[in-house]
1. Starting from residues that are touching a residue at least 60 places away in the same chain (Cβ under 8 Å) and more than 23 Å from residue 21 (Cα to Cα), keep the ones in segment 222-245 and report whichever is surrounded by the fewest Cβ atoms within 10 Å (Cβ to Cβ).
2. Does any residue of segment 246-255 turn out to be closer than 29 Å to residue 122 by Cβ and surrounded by fewer than 20 Cβ atoms within 10 Å (Cβ to Cβ)?
3. Looking only at segment 176-212, which residues are in contact (Cβ under 8 Å) with a residue 60 or more places away in the chain, surrounded by 22 or more Cβ atoms within 10 Å (Cβ to Cβ) and farther than 14 Å from residue 136 by Cα?
4. Restricting to segment 136-151, and then to whatever is surrounded by 13 or more Cβ atoms within 10 Å (Cβ to Cβ) and modelled with pLDDT under 75, can you tell me which residue is farthest from residue 89 (Cα to Cα)?
5. Being assigned to a helix (DSSP H, G or I) and modelled with pLDDT under 95 is the requirement here; does residue 280 meet it?
6. Are any residues in segment 131-152 at negative phi, in contact (Cβ under 8 Å) with a residue 24 or more places away in the chain and in a loop (DSSP other than H, G, I, E, B), and if so, which ones?
7. With respect to residue 162, determine if the residue is touching a residue at least 12 places away in the same chain (Cβ under 8 Å) and more than 15 Å from the chain's Cα centre (by Cα).
8. May I ask you to list pairs of residues, at least six apart or on different chains, whose Cβ atoms are under 9 Å apart, with the first in segment 38-67 being within 17 Å of residue 93 (Cα to Cα) and the second being surrounded by 23 or more Cβ atoms within 10 Å (Cβ to Cβ) and at pLDDT below 95?
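The values are calculated or read from the model by the stated rules, or taken from the named source; none is laboratory data. These numbers come from a predicted model, not from an experiment. Glycine gets a Cβ as well: all are built from the backbone with ideal geometry, and neighbour counts include every protein chain shown.
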């Protein structure tokens, strides 16, 4: 296990982060406990969750993942040994997250309510990394588009206002550091500007999708990450399971995400995705690797990636994913992956 500095903090996180978004939907409390036990035994010291989890988001299940984790902390102890990240939802029309609001917003009342609820569910009195799950302003980050569709809302909560709330929560000791998720280069730089000019919390990380099928992070955010020391916490490193190869040729394994939740991962069913996966699988085989090893080690070898967020619904998957990081990356693999990427650029944005 390798440990990397989180942003400009004094925290060092494992290069593998345990993702949790299936817990409470596809995974039981007992299965979640087994995953956490195994991950810690392998040297993982970084867990990521969110008030929204599990997915798909539902009125009946939101917050359950945090509850599972809180129960584990209560039973096992050692909270101070784990770097814990969770997230507050951005703007949405889901009316079940807040007690007195039917639209979620990143304002003072809602952030404070969300954080207090997360702390209660997690059975802890502080969060190491509190992240904005997505922006308050209108965005097309989940549309699967490569383009930029500019539209605004007069009632968008300014980033500075949100950071002021987080600043107070840092001073209260409820959170240690602040991060972003599903954000753009403009959003990151704007937050950094407010932090520097107005003595507000510095964003230390960004959690965005990044994998062999979606390398859009490299176009502008990678430079921001490296020059400003804003750590990328890469989510979906296996493309929602697509880069395991299990969905090739129209397969829908029983219990898999695409079988249980049709349409949930549409970006990985677009034209060109399967063609790219087949090429990466052939490359992996030529080098004595599995597709999972190739996909995960590619992410781990990027200089702007601080930690890869892996998720699993079975222990066999978790063992395979963690072991994949032991593979050695070399110049030949780099060149071959580059060639495939140029032939099949970002088929799943």
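1. 226
2. Checked against the condition, which is being closer than 29 Å to residue 122 by Cβ and surrounded by fewer than 20 Cβ atoms within 10 Å (Cβ to Cβ), segment 246-255 yields at least one hit.
3. 177, 179, 203, 204, 205, 207, 210, 211, 212
4. Among those that are surrounded by 13 or more Cβ atoms within 10 Å (Cβ to Cβ) and modelled with pLDDT under 75, it is 144.
5. Details: assigned to a helix (DSSP H, G or I): yes; modelled with pLDDT under 95: no.
So residue 280 does not fit the description; no.
6. Within segment 131-152, 133, 134, 135, 136, 137, 138, 139, 141, 142, 145, 146 qualify.
7. Yes.
8. If the second residue must be surrounded by 23 or more Cβ atoms within 10 Å (Cβ to Cβ) and at pLDDT below 95, the pairs left are 55/257.
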